[in-house]
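Reviewing the structure listed below.
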């Protein structure tokens with residue numbers, strides 16, 4: 001998939017979380033692991049940046065909402 005996206009000039013970011021199993025973010029037993037939390041935080045930050053909501057979230061957090 002990564003190669004096809006890059007061939008189509010679509011920006012791609014690849015991240016490996018060594019020592020984890022495939023779909024580790026989806027397993028309830030691993031949901032609080034450092035790797036799962038890091039992957040979720042990374043995905044959330046990417047989406048907020050892409051959707052233009054990163055600054056809005058920061059402002060809401062600072063207001064205590």
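The table below gives the values:
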{"item": "Considering residues of segment 25-65 that are surrounded by 11 or more Cβ atoms within 10 Å (Cβ to Cβ) and assigned to a loop (DSSP other than H, G, I, E, B) only, the residue modelled with the highest pLDDT", "result": "33"}
{"item": "Test: residue in segment 5-24 that is in a helix (DSSP H, G or I), touching a helix residue (DSSP H, G or I) at 6+ places or on another chain (Cβ under 9 Å) and modelled with pLDDT of 85 or more", "result": "yes"}
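The values are calculated or read from the model by the stated rules, or taken from the named source; none is laboratory data. All of these numbers come straight from a predicted model, not from anything done at the bench. As a convention, Cβ positions derive from the backbone with ideal geometry for all residues, glycine included, and neighbour counts pool all protein chains shown.
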